[in-house]
Every structure is written in C-alpha cells, then in structure tokens.
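Engineer: One structure coming up, written as structure tokens, with questions to follow.
The values are calculated or read from the model by the stated rules, or taken from the named source; none is laboratory data. Only a predicted model underlies this, so the values are computations on that prediction, with no experimental measurement involved. Cβ: placed from backbone, ideal geometry, glycine included. Neighbour counts: every protein chain shown.
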There are 2 protein chains.
Amino acid sequence: MIYLDRDAPVSLVEQMVSQMAGLIQNGQLPPGSRLPSIRKLASQAEVSTATVVSAYDRLTARGLIESKAASGYFVSSRRLQEQRPALPIPQRSELDAVWLMQKLLQRHENITAVGSGFMPEHWLEDMLSSRFLAQFARKEKRSYAAPGAAEGYPPLRSQLSLKLGRAGIPAAPEQILLTFGATQALDLISRALLSPGDTVAVEEPAYFGLHAQLRAQGIKLVGVPRLENGPDLKVLEEVCTAWRPRLFFTQTLLHNPTGGSTDAGTAFRLLELARRHNLLIVEDDVFGDLHPSPNPLRLAQADQLERVILVGSFSKVLSPAIRVGFIAAAPELLQLFTEHKILSVLTASELDERLVCDLLSSGHFHKHLERLRARLSHNRAQVVQGLTRAGLDPVQRFNGDLFVWARLPEGIDMRALVEDAQENGFLLTPGDVFFLRHAPEPWLRFNAAAANDGRLFDYLARCLEKLAVNPGISATQPVSRDLA
Amino acid sequence: MIYLDRDAPVSLVEQMVSQMAGLIQNGQLPPGSRLPSIRKLASQAEVSTATVVSAYDRLTARGLIESKAASGYFVSSRRLQEQRPALPIPQRSELDAVWLMQKLLQRHENITAVGSGFMPEHWLEDMLSSRFLAQFARKEKRSYAAPGAAEGYPPLRSQLSLKLGRAGIPAAPEQILLTFGATQALDLISRALLSPGDTVAVEEPAYFGLHAQLRAQGIKLVGVPRLENGPDLKVLEEVCTAWRPRLFFTQTLLHNPTGGSTDAGTAFRLLELARRHNLLIVEDDVFGDLHPSPNPLRLAQADQLERVILVGSFSKVLSPAIRVGFIAAAPELLQLFTEHKILSVLTASELDERLVCDLLSSGHFHKHLERLRARLSHNRAQVVQGLTRAGLDPVQRFNGDLFVWARLPEGIDMRALVEDAQENGFLLTPGDVFFLRHAPEPWLRFNAAAANDGRLFDYLARCLEKLAVNPGISATQPVSRDLA
C-alpha cells in the first residue's frame, strides 16, 4: 500500500509517515487495524527496518498508531486520534544529514563509529580531565556569575590573536569572535551574509553538516569538485560567471573527507578569482592544527583577512564536548557576525572559554598537538594499509589527515555492506552524504584514529568477499537515508 | 551636510555612515579633508557623541577615514580607500536592540547598569564558585573528551523532567531539549516553525531581544498589549482573525519588563483562544523560578504541553555565564527543534550541563532559590520606595519580580535624563526598546537587585528636579538608539 519515490526530495521515512497518516485519516486503515510488523513492512517496501521504526515512532508521537506490548502496532482509536489535532508544524526537508549527525552523536553500546568526525575519547582525555579541572579551579579564583562578553572571553581572543599572528594571519583581538564551535561559526556567517534564495559555492565532496545547514536556510548550493590540490578553479570560474555566488566555502588544510591540502599555486589563483568576482571566501580551518608542517599556507594568510573569513575550533583537537570555536575576519564583517551571535545565543559560555585559554597560555595545548600529530600519522599509515589489505582503495595523500577516504571495489552493494557492518559492530560512514545529490557513491570515510583495528580490517575482507560472490540487489540507491 | 531622518527604519549611525561614505566617494569630501570633531558634529546633527563615535569607527573600519593622534579625523588617501574595495556585505537593519544588548554585556568601569537584565554577580557567586568547581572535579572523575548528545546531557534532562513534573507539567526526558540559554531556545523555535514573511504575535512591552531576533529572521510582529493580569485577549483575538499569526510569545510568570503574572482565568481563556485559532504558544518562563508561590500556574501545566512550548533557563538564577536553557514541548515539535539545534551548533557543552545537573540533584539549587526569593522581595520593596521618593511612579505589582517598571513624571526629557545619568555613573534602560515602534515612552526598567542604592535615588531626585525646571529640548525622540 505504500509507494516510495527514492528520487523525491523528502526522505523515505517522511513519505511512509504521510502515506500511512493519509490511509488512517481517510478510513482505509480503520481504528483498531493491525499494522504489518516492522520486518514485514521493511521487506515489502524494500527499506531498512530502521526506516520503518522511525516512521512508526513518528506516527505514534502523532497519536495515529499505538504499540501494544508483544502484539505489535495498531491504528489508534478515533478518540485518541482526535485528542491530538494536527498542529501547524512545517514539513521537514533535507534533514537526512541532520538525522545522521544526531545518530553519530549518540553513544552506542557495542558499536564503533569507525567513520566518526571526532578524535576518540581516549586520545583527548588527558587534556580536559577532572584533574585539570580541579587544578584550574584552585588557580582561578574568580566566580562564573557575571555575564561573559558577547564577543567571547577577552584573554582567549588575545591568545588566538597571537596564535594566528604566528601563522602569518594579522587578526587583532577585536577581529576575533568566539563561537559555540565551528558549526555556530558557519551558521552565523551564513545568517549574517545570506538571504533565502541566495546562491553559494561549496566543495564536493565536503562536510555534510555545512550543506544541510545552508539548505535549511533556503540557500542554493552549487558544487565545485575537490581535486587533489584544492578546489577545481575551472569549475569555480564557470560557477561564478553563471551563478554569481555570494560566498565560497572551502577547507584549505586537511580536507574533509578526501584528505590533502590546497597547494600555494591554487590558493593564490583562487584569491585572484575571488577578487575578480567580488566573492567572499569562508575558510573552514577546523583541522589545520593537525597539519604536520610548521607553517602551512592558509588562504587567510595569503589574503590577510581582506575577503577571507577564517573559521577555527577546538572541538577536533581538545574535545567535542567543549564548544569553543571562532571566526576571524575584517572588522566590518566581524561586527555583523557578533550581532547575529547576540541574536541567536546572546553571549558565550565563559567557563569553557577560560579552560581553553588556560590550556593555550600554559603551553599544554602546544605539547598536546605534537603528541596528537605523531599518533595520528602512525595510525593513519596502518589504517591505509589495513583497508588496502581488506580490498578497498584508500586515497593515500598526506599523513596529517584525520580521515581516510576509501573506494569500494566495483559491484559491491553499499547498502548491504553498511547494514551487515552494523550487525557486526561497526558503524560505517558512506560517502553519498558528502555530495550534494545523494546519488550512490562507492566511497567510505574512515577516521584514522578510530579505525585502526585489526578486527575491522578482517571483517571488511570477509564481508567484501561474501558480497562480491553474492551481490544481492545492485548498488542503485544511496544509503545514508536508511542508515540506522 | 548630514540629514538625519529619525523616523527611518535604519539607525542614525547607519544614516550618518552612508551619507558620509557617499560624500567621500563622489569627491565632495576629497582625500585629506579634515572632518568635524566628534563633539561638533554631534551638536550640529543633534545626536549624542556616541552616535558620531560609532559612525566614525565604521568609516575607519571601511578605510574611508583615518584618525591622526591628537589632530582629529581625516578622509583617507585615495590609495588607502582603494585598498579596501567595498565587500558584498548586506545592510544592517533593526539591530539597535542588538547594539544595546552588546553594550549591556560589556563590563563597565565606574558605571552601574541599574536596569540590567541579570542578577548582580555577588548575588550568584556562591553557586558557581571556584570552590564548587574544585569539589565537583574531585567528585566526578569522567573526562570531557567525548561529544555530548545533541539533545543535551541525559541526567540533566531527567532532573528537569522531575522538576517540571513537580510543577504539574508532564514532560518526559525525551520531550526536553537543552539549549545555550533561553535565547537559543527562542531562536530554535522560530527557525524551526517560521519562514520569512510569517506573522507572529508578541506582547508589548516585552523583552527587546525577542523582538530583534524575530525581525532579523524577516518575521512580521504584531503587538498585543500586556495588561496587569496577562495579555489583552480582546486584542489577541482580533490579531488572530486579521493576521493569522503562527505563534504567540508570552511570559506568564513575572513579566519582563512590567512585572506581574497572568492569572488563571486569563490563562484558560488564552488556551481556548489558541485552540480555536490553531495557534501555538511559546511560554517564556525564564523568571518562573523566582515566583514566591509554591505552585504558580503556567500555561504549559494547563495545556499539558499540547500546543504550549515551554522555554526555561538557568541564566537568571544561576549565572548568565553558564549557558544552559531548555525547551519542553510535544515530541514531534521537540524533534524539529533538535534538528535545528544540530544544524546551528551541532551539540551541547557537556561540562556546563553537568555542573547545573550537580547543583540540581544535590539540593543546593533549591536552597539557593529560597535565599534569592527572600532577598529579591526585600530589595524590591526598597527600590519601589526609593524610586517613588525620587519622583517616579513605579508599577508596584507583585514582589517576586526582578524588574520595577517605573514611569517618569510628565515633561521630563528621557534623552537628557539618560545622558546625564550616564555621566553620573548610572546606566539606565529606557522603556522605548520594549515596544515594537521605538516611539518615545515615559518608562524606565529598573533591576530590583541592582538598583537598591540610596545614591541612585538621591541622584534621580536631584536630576528630575533639575530637568523639570529646565526641560531643554522636548521628549519627542526615542533614546535607545543613541544610548552609549
């Protein structure tokens, strides 16, 4: 009874919910009818059981169906349905990536997120430990009872100004706004500079959270392929001429998910192109601290913060639970971002910012980064080796990257692989979410710090062999929507 | 040479900047020309010196003018002007309230913000002290290196569920989303439920930050007068019929800025009206913890979280520097808000949430609230008395309120008063910002905890006498835009 359109702009879950709600409301599924079991509906509709679970959860929340312990799901009585008239809630759209992010943030028992975007907890826990917190509390006697400045804790802005200065980026403390992580930084930039219907250029593949964030604001995205040495400038030039985007979002150093950094030649030609088209550039530098060179080139250095807006964060290298990121930009831009920060969160969480400031000024942060880089480089080499042995084709690149971007052999069904891996304790991150059209992609992203596990490589080798012999349905559908 | 339109939708600063930029760019003010001094231009244009300082700062940031130490401001050389071509930055609009908020968050030497929105630091510093932090660190050994759940720290959501349950509000932990303060809670609600061009109803007067936030998203605001017993339902009914607003924002308990709470009769009629018009209600409950009754009625209790979305925060009663607030709502609404939280900040700051959770579960929070209420009630009575003695007319109301809303005697020029007070060490909060049209208003908001100061009352008495005898220019202009 359910017809799913896999090319539709709304998710499979949404389609299932709206069709079943329709059947219930027009009486085709009368009160008290028994619904198919999760497994049965999943198999009929050719979706994962997780999709059906999600759809049933939402129908339950709307009061349309109810579950009876051990006997399954039933259409609610009319009275129960009427107790909850439909509220004026807008339709969800383009939020599959958000759903994946929410999933990745939940703590899983017995499952390893080998494609996670974060460093593993045990790589970071020495820094923001309870011991450090106790030492900090003994040292810093000031209370936390006065509002923090909207721009962020002034001594941390000064520390960041020094740190950026050492990287050749001339940012006065007044040109630095502290944010709740890089995610808020990117959000404030697009809220301050863009209106619904505006067009921006983004790299492809690239971090799916950025794409989802922009789409939720009604921004049109045009993709620019990410090549080995940086964005494809030929395509960017065409995009600028045809679409006049207001911003271009790029990751110069240690690109997520493909790895590698933009080289100097590409960087300077990119800036020249931006000047010609009066394009602002948002440089997402959340991985730059992991770069092994003492002074890697950032666009913000080459441009001196004229039309480049630099975004940084401590979530990757200190802790994802301490939300401290920043924007460095020209003063008139920074004032706009500050105003939008006040509108959206009023002010900063000063305790977190004071902890980060202490780590930076004490030199602990610097030593921590050195250890982190050495450890990452060692692990990454092993992950590249292990995945190759298992039959995947990792893009090698540079060994500072947190991620390994690896291609599956031809003929392997990604959906079957992801579902099988999950049952075996590995949460994979399939590549389709990093592209603007969630078309099937033969790529997986691995986290070099989390995926260095012999059991993973052995499992992948076995599973790829099994799926190559017995390919099942062909790899025609993107899988991230159904990932559970 | 500068013509300012005080009824224009852009601020005086913006008008000054754009006109001067025009004069410079078309050559009427050639490179090297000396500009009038701040004091002189302020007097010519009949604005405060702060307005001119702001305008000159922005022109300096754009490279159009430069200051030379001790000799004043000059139009920059053509070369300097050309080094910074105009970037594609949108015009600011409706951000005067934001500017005021930014100002109120800065730490001032030698000036007391007697209309501040926060509790004074010394009323709160016992709670989130460095001693408490040290104790907490010794007790809680877990690190802060793993990402927090997007929905917020689960044990704090459980604590809040219990706390709301005691207030008669049936919110399961899954119906509670933690946010970076109430400001983010309100922002997520409007981002999830509204689109640019939508209309919402708000109380008037009411918290200016909410009005500014909604306007920045392109939402149309329709005002509903706030009466002594709650919002004016006759007007709200008309507004619903004429404008079909999607949401109504209201503060049931201890209204900011007028004080007082919505009574039970008004609350039930409001919910009935909301049902008839299929209106969702956002109940901003940031002051509810200060209410002296053991169980004051909230809309969320009467409605059982069907169409009421409850917003709470610990910023008022624990610390504005620890950004922990929450939304409690129906499950399908909460899922939408969670998705928008992930899009805008990804996840929570777990340390802050764990600290608040510890205070709640240990019972310290409860005792702190009792002390706070007693102290507030005592201080509020004295502030009401002191302001009355000084010649103002405070709206008395209920003694749980943090704010005292007081009317100036007729014929007093608000602008002259605010500027004079500032020179005497008191930062006042004039009432015009709390209204949708920033027309002149004879009201001031005082913070009952911060304004209990004999010197303030003596000063006000002297100043009102002086201004009554010598009224200067008449009170025809709102002043908040020019407040420095």
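Engineer: Does region B:160-178 include one or more residues that are in contact with a helix residue (DSSP H, G or I) (Cβ under 6 Å, 6 or more places away or on another chain) and facing chain A (nearest Cβ under 7 Å)?
Structural biologist: Checked region B:160-178: no residue is in contact with a helix residue (DSSP H, G or I) (Cβ under 6 Å, 6 or more places away or on another chain) and facing chain A (nearest Cβ under 7 Å).
Engineer: Same structure, new question: Which pairs have Cβ atoms under 6 Å, sit 6 or more apart or on different chains, and link a residue in region B:451-464 that is in the same structural domain as B:LEU392 (by TED's automatic domain parsing) and assigned to a loop (DSSP other than H, G, I, E, B) to one that is surrounded by 15 or more Cβ atoms within 10 Å (Cβ to Cβ) and of a type outside the set (Phe, Trp, Tyr)?
Structural biologist: B:ALA451/B:VAL114; B:ALA451/B:VAL383; B:ASN452/B:ASN379; B:ASN452/B:GLN382; B:ASN452/B:VAL383
Engineer: Same structure again: Report yes if B:ALA439 is under 23 Å from B:LEU210 (Cβ atoms) and either touching a helix residue (DSSP H, G or I) at 6+ places or on another chain (Cβ under 8 Å) or not aliphatic (A, V, I, L, M) (or both), otherwise no. Spell out the reasoning first.
Structural biologist: Details: under 23 Å from B:LEU210 (Cβ atoms): yes; either touching a helix residue (DSSP H, G or I) at 6+ places or on another chain (Cβ under 8 Å) or not aliphatic (A, V, I, L, M) (or both): yes.
Yes, satisfied.
Engineer: In contact with a strand residue (DSSP E or B) (Cβ under 7 Å, 6 or more places away or on another chain) and at pLDDT 85 or above: which single residue out of A:VAL52, A:VAL75, A:VAL47 fits that description?
Structural biologist: Numbers: A:VAL52 fails: in contact with a strand residue (DSSP E or B) (Cβ under 7 Å, 6 or more places away or on another chain); A:VAL47 fails: in contact with a strand residue (DSSP E or B) (Cβ under 7 Å, 6 or more places away or on another chain).
When all the criteria are applied, what remains is A:VAL75.
Engineer: Check off (1) within 7 Å of chain B (Cβ to nearest Cβ); (2) farther than 13 Å from A:PHE180 by Cβ; (3) not in a helix (DSSP H, G or I) for A:LEU305 and give me the number that stays unchecked.
Structural biologist: Checking A:LEU305 against (1) within 7 Å of chain B (Cβ to nearest Cβ); (2) farther than 13 Å from A:PHE180 by Cβ; (3) not in a helix (DSSP H, G or I), the one that fails is (1).
Engineer: So is A:LEU346 among the aliphatic types (A, V, I, L, M) and over 24 Å from the mean Cα position of the chain (by Cα) or not?
Structural biologist: Values: among the aliphatic types (A, V, I, L, M): yes; over 24 Å from the mean Cα position of the chain (by Cα): yes.
Taking the combined requirement at face value, the residue satisfies it.
Engineer: Let me ask another. Which one of the conditions (1) surrounded by 15 or more Cβ atoms within 10 Å (Cβ to Cβ); (2) at negative phi; (3) of a type outside the set (A, V, I, L, M, F, W, C) does B:GLY260 fail to meet, given that it meets all the rest?
Structural biologist: Looking at each condition in turn, B:GLY260 falls short on (2).
Engineer: Restricting the search to region B:327-365, which residues are more than 9 Å from every other protein chain (Cβ to nearest Cβ), surrounded by 24 or more Cβ atoms within 10 Å (Cβ to Cβ) and within 24 Å of A:ALA185 (Cα to Cα)?
Structural biologist: Those that are more than 9 Å from every other protein chain (Cβ to nearest Cβ), surrounded by 24 or more Cβ atoms within 10 Å (Cβ to Cβ) and within 24 Å of A:ALA185 (Cα to Cα): B:ILE327, B:LYS341, B:GLU353.
Engineer: When B:ARG142 is evaluated against the numbered criteria (1) more than 28 Å from the chain's Cα centre (by Cα); (2) under 19 Å from A:GLY181 (Cα atoms), which criterion, by number, is the only one it fails?
Structural biologist: Among (1) more than 28 Å from the chain's Cα centre (by Cα); (2) under 19 Å from A:GLY181 (Cα atoms), the lone unmet condition for B:ARG142 is (2).
Engineer: Out of region A:276-295, which residues are under 24 Å from the mean Cα position of the chain (by Cα), part of a loop (DSSP other than H, G, I, E, B) and either surrounded by fewer than 23 Cβ atoms within 10 Å (Cβ to Cβ) or assigned by TED's automatic domain parsing to the domain that holds A:ALA374 (or both)?
Structural biologist: Within region A:276-295, A:HIS291, A:PRO292 qualify.
Engineer: Here's another thing I want to ask about it. For B:ALA242, are the conditions met, namely being surrounded by fewer than 17 Cβ atoms within 10 Å (Cβ to Cβ), more than 14 Å from chain A (Cβ to nearest Cβ) and of a type in the set (Gly, Ala, Ser)?
Structural biologist: It is true that B:ALA242 is surrounded by fewer than 17 Cβ atoms within 10 Å (Cβ to Cβ), more than 14 Å from chain A (Cβ to nearest Cβ) and of a type in the set (Gly, Ala, Ser).
Engineer: Are any of the residues in region A:232-254 in the same structural domain as A:ILE176 (by TED's automatic domain parsing), under 30 Å from B:LYS341 (Cβ atoms) and of a type in the set (Val, Ile, Thr)?
Structural biologist: Yes: one or more hits.
Engineer: Something else now. Considering every residue within region B:217-229, establish whether at least one is within 11 Å of chain A (Cβ to nearest Cβ) and either touching a Leu at 6+ places or on another chain (Cβ under 7 Å) or without any contact (Cβ under 8 Å) to a residue 60 or more places away in the chain (or both).
Structural biologist: yes
Engineer: In region A:104-121, is there at least one residue being among the charged types (D, E, K, R), under 23 Å from A:ASP453 (Cα atoms) and modelled with pLDDT of 85 or more?
Structural biologist: Checked against the condition, which is being among the charged types (D, E, K, R), under 23 Å from A:ASP453 (Cα atoms) and modelled with pLDDT of 85 or more, region A:104-121 yields at least one hit.
Engineer: Related question: Can you tell me which of (1) under 28 Å from B:THR429 (Cβ atoms); (2) at pLDDT below 85; (3) part of a helix (DSSP H, G or I) is the one B:GLU94 doesn't meet?
Structural biologist: (3)
Engineer: For residues in region A:309-326 being within 11 Å of chain B (Cβ to nearest Cβ) and part of a strand (DSSP E or B), which is farthest from A:SER130 (Cα to Cα)?
Structural biologist: A:ILE309
Engineer: Can you tell me which residue among B:ILE412, B:ILE342 is out of contact with any Asp or Glu (no Cβ under 9 Å at 6 or more places or on another chain), of a type in the set (Val, Ile, Thr) and assigned to a helix (DSSP H, G or I)?
Structural biologist: B:ILE342
Engineer: Looking at A:GLU441, A:GLU423, which is the one that is modelled with pLDDT under 90 and either hydrophobic (A, V, I, L, M, F, W, C) or farther than 21 Å from A:GLY223 by Cα (or both)?
Structural biologist: A:GLU423
Engineer: Got a number for residues in region A:23-49 being under 29 Å from A:ALA439 (Cα atoms), touching a Leu at 6+ places or on another chain (Cβ under 9 Å) and loosely packed, with under 15 Cβ neighbours inside 10 Å?
Structural biologist: Number of matching residues: 1.
Engineer: While we're looking at this one, here's another question. Count, please, the residues in region B:1-58 that happen to be assigned to a helix (DSSP H, G or I) and at positive phi.
Structural biologist: Of the residues in region B:1-58, 0 are assigned to a helix (DSSP H, G or I) and at positive phi.
Engineer: Look through region A:135-166, keep the residues that are in a helix (DSSP H, G or I) and without any contact (Cβ under 8 Å) to a residue 12 or more places away in the chain, and return whichever of them is surrounded by the fewest Cβ atoms within 10 Å (Cβ to Cβ).
Structural biologist: First, the residues of region A:135-166 that are in a helix (DSSP H, G or I): A:135-139, A:154-166.
Now drop any that are not without any contact (Cβ under 8 Å) to a residue 12 or more places away in the chain, which leaves A:135, A:137-138, A:162, A:165-166.
Details: A:GLN135: 15, A:ALA137: 19, A:ARG138: 13, A:LEU162: 12, A:GLY165: 12, A:ARG166: 9.
Looking at the filtered set, the residue picked out is A:ARG166.
Engineer: Related question: Pick out the one residue from B:LEU460, B:LEU444, B:LEU456 that is surrounded by fewer than 24 Cβ atoms within 10 Å (Cβ to Cβ) and not charged (D, E, K, R).
Structural biologist: Answer to the selection: B:LEU456.
Engineer: Residue check: is B:ASP285 within 28 Å of B:VAL404 (Cα to Cα), of a type in the set (Asp, Glu) and touching a residue at least 24 places away in the same chain (Cβ under 8 Å)?
Structural biologist: Yes: the conditions hold for B:ASP285.
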